[in-house]
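Report on the structure given below.
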C-alpha cells in the first residue's frame, strides 16, 4: 500500500468572511515540495473572489487523468521499444448535471498527440492499443468511482 498526501491552506486574513466576498485563493502543497496557487473556478465563483490564474479543482481533475494516462502510455511504449519524442494532450472535462441531478464532471476527453522516432515506428493500431492499455492501467481513471471520505480534525 502506498499513501499520497496534499496540504491545502486557506487563510482569511482581514477579509470580511460573512459578507461572502472573501477570496477563494489558497495554496496547494505537495510532498515533493511543490506549491501551487489554487482557487475556485471562475465558472463557479465569480471574479474577483476566485482567481483565474490559479488552478481550480476541476482543472486538477482533468489534469490528473491526463497525466496518469500519459505516464502509463510512456510505459507501454518503452516496453515495446518505441521511442517517444513528444507527448501533448489537450484534455477537456465537461461539468454538468449528472443522472442524480448533481453537478459533476460527466466526461473527460483526452486528446493525446504522440510523436515517435527511431527504427521501429508503431502502427496506428499499435498506438490505439497502447492508449487502451494505458487507460485500463491508469490508477486515476480506475479511481473515479472511489469512495470519498471526510474525517474532520478538530483543533485541541
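The values are calculated or read from the model by the stated rules, or taken from the named source; none is laboratory data. Everything numeric in this text was worked out from a predicted model, so none of it was measured. Using ideal geometry, Cβ is built from the backbone for each residue, glycine included, and neighbour counts are taken over all protein chains shown.
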- Note on the structure: residue 122 passes all but one of the listed conditions (1) assigned to a loop (DSSP other than H, G, I, E, B); (2) in contact with a strand residue (DSSP E or B) (Cβ under 8 Å, 6 or more places away or on another chain); (3) without any contact (Cβ under 8 Å) to a residue 24 or more places away in the chain; the exception is number (3)
- Message: I need the strands (runs of 3 or more DSSP E) fully contained in region 25-107, keeping only those with at least 2 residues that are at pLDDT 95 or above and surrounded by fewer than 18 Cβ atoms within 10 Å (Cβ to Cβ).
- Response: 26-30, 35-38, 83-89
- Item | Positions within region 12-45 being without any contact (Cβ under 8 Å) to a residue 12 or more places away in the chain and in contact with a strand residue (DSSP E or B) (Cβ under 9 Å, 6 or more places away or on another chain), in sequence order | 34, 35
- Message: If the requirement is being touching a helix residue (DSSP H, G or I) at 6+ places or on another chain (Cβ under 8 Å), without any contact (Cβ under 8 Å) to a residue 60 or more places away in the chain and more than 30 Å from residue 44 (Cα to Cα), which of these qualifies: 84, 108, 92, 78?
- Response: 84
